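Heads up: the structure comes next, in C-alpha cells.
The values are calculated or read from the model by the stated rules, or taken from the named source; none is laboratory data. Because the structure is a prediction, the values reported are computed rather than measured. Reconstructed Cβ throughout: ideal geometry from the backbone, glycine too, with neighbour counts over all protein chains shown. We work out accessible area using only protein heavy atoms, side chains counted, and drop any ligands, DNA or RNA first. Shrake-Rupley method; radii C 1.70, N 1.55, O 1.52, S 1.80 Å.
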Amino acid sequence: MTQTSIPHIDLTPLLEGAGSDDPAHADSVAAIVDAACRSGFMTVGIAPGQLALPDDIHARLLRFFELDAAAKQRLARHKFEPANGNVYRGYFPPQNEDPTWKEGIDLGADVAHPERADAASGDPLREPTPQPPAASLPGWSDDVAAYYTAMESLGGVIAAALAEGLGMPRNTLMQPFENGNSTLRLIHYPERPAETLASMPAVDGQGDARRRMVGVPHCDNGFITLLWQDRVGGLQVQTPDGDWEDVAPRDNALVVNFGRLLSDWSGGRIQATEHRIVGGTRSRHSIPFFFEPAVEATIEAPNADGDGGYVYGDRLWQRMQAFVEFQGLERAPAARD
Ligand SMILES: O=C(O)CCC(=O)C(=O)O
Ligand SMILES: [Fe+2]
C-alpha cells in the first residue's frame, strides 16, 4: 500500500530554529496546519537528542511490562481490581471478551508534577497515579517523569504552531494547558493464542501474514496525541473514501493526531480522524501521550456542540464513556463554585 495522505514533517525548525522570522519556521507551521486540516494525522521527525531524552527511553518505559502479573494487578483500576480506589489512572489488564485485547497503564500529570494530583477532591480525573515500588523497577519513575515533561513541551510546540498557523489567538489555545492533565499511556498488544485468532476475521493479508483487528476504530477525544509505536506496525488511519491506510513505523519520529475537542475548538477545521490497530500474531507496543488541558480549564469553542464553550474535564468524562475501559465508572467531580 502506498502512503499518500500522511505527511512527514521535520520539526527541527520549531525545536531548534531561529524563531518565527525564519522561513523554515513558517514552512513547518504551514505543513502542520495542512496536515491537521486535511488528514488529521502526520509523522514528525525529531533528531536524537532534540528532546533531551536518552536514545533508549521507550525501551526504558516499557520495562513496566516486565513486572509479573501480580505486581501489575496491584496497580489495576477499580474496574479490574475492586479493592483499589483508582478509577482513571493505573493498570488495565487484557480483556478477553473484547477485540481490544491489550494491557497498559495510564500515567497522569502527578508523575512529573506531584502537586497536580488532588486525592481529597474525590474526582477521578485528579487522582494520583499508582506506580510500582521503586525497588521493583529502579529508575523507571524518573524516566516516566522525564518523558512526560518532554512530551508536554512538544505538545506545546505543536499547539503553538497550530494557533499561529490558524491565525487564532495564541493564548486561547495555550492557556488551558497550564496545569494540564495529560495522560501518558504505555500499551502492550500481546501475541494472541492461536485459538483466539481462529475466531477473528482477518482484515487483510494472506496465510501467516493475516492481520486481525486488535484496536477498534475510534477518534481520540482530547487535543493532540503524540504517539510512539514500535517497529511491528499495525496502526491504520481511515482515508476520506473509507479505506484504511497504514502508518508505517519510522525511527526518530512520532505519529501526531488530533482529538475531537481540538476539532471542536477549531470549529471543525482540524480533523479528528478515525484510526485502528491491526495485527494479533506479533506482540506490539505503543506509547501514546494525550496532551490535554487542565481539568477545570474552560475551552472556548465558538462552533462546538452546545453553548460554544465547556469545562474540559466535564466534556472529557462524557466522551470517555464510549471507551470500554471506562464504561460503568462513576465520576464525582470536585465541587466548583
Ligand atoms: O497503539 C497505537 O498505535 C494507537 C493507540 C491509540 O490509538 C489510542 O490509545 O488512542
Ligand atoms: Fe487513538
- Item | Residue identified as at pLDDT below 95, over 25 Å from Ala69 (Cβ atoms) and surrounded by fewer than 20 Cβ atoms within 10 Å (Cβ to Cβ) among Pro169, Pro176, Pro193 | Pro169
- Which pairs do you get when a residue that is modelled with pLDDT under 90, found in region 7-35, comes within reach of a residue that is buried (at least 20 other Cβ atoms within 10 Å of the Cβ) and not basic (Lys, Arg), reach meaning Cβ atoms under 6 angstrom, with the pair 6+ apart or on two chains? none
- Count, please, the residues in region 238-247 that happen to be open to solvent by less than 50 Å² (accessible area, probe 1.4 Å), at negative phi and either within 10 Å of ligand 1 (Cβ to nearest atom) or outside any strand (DSSP E or B) (or both). 2
- For region 228-265, what are the residues that are of a type in the set (Lys, Arg) and either in contact with a strand residue (DSSP E or B) (Cβ under 8 Å, 6 or more places away or on another chain) or farther than 23 Å from Val203 by Cβ (or both)? Arg250, Arg260
- Report yes if some residue within region 217-230 is more than 14 Å from ligand 2 (Cβ to nearest atom) and either in a strand (DSSP E or B) or under 25 Å from the mean Cα position of the chain (by Cα) (or both); otherwise report no. yes
- Task: Please tell me if Val255 is within 12 Å of ligand 1 (Cβ to nearest atom), out of contact with any Leu (no Cβ under 8 Å at 6 or more places or on another chain) and modelled with pLDDT of 90 or more.
- Result: no
- Query: Considering only residues of region 248-271 that are open to solvent by 30 Å² or more (accessible area, probe 1.4 Å) and touching a residue at least 40 places away in the same chain (Cβ under 8 Å), which is nearest to ligand 2 (Cβ to nearest atom)?
  - Reply: Arg260
- Task: Identify the residue in region 146-166 that is farther than 20 Å from His285 by Cβ and open to solvent by 20 Å² or more (accessible area, probe 1.4 Å) and, among all such residues, is nearest to ligand 2 (Cβ to nearest atom).
- Result: Glu152
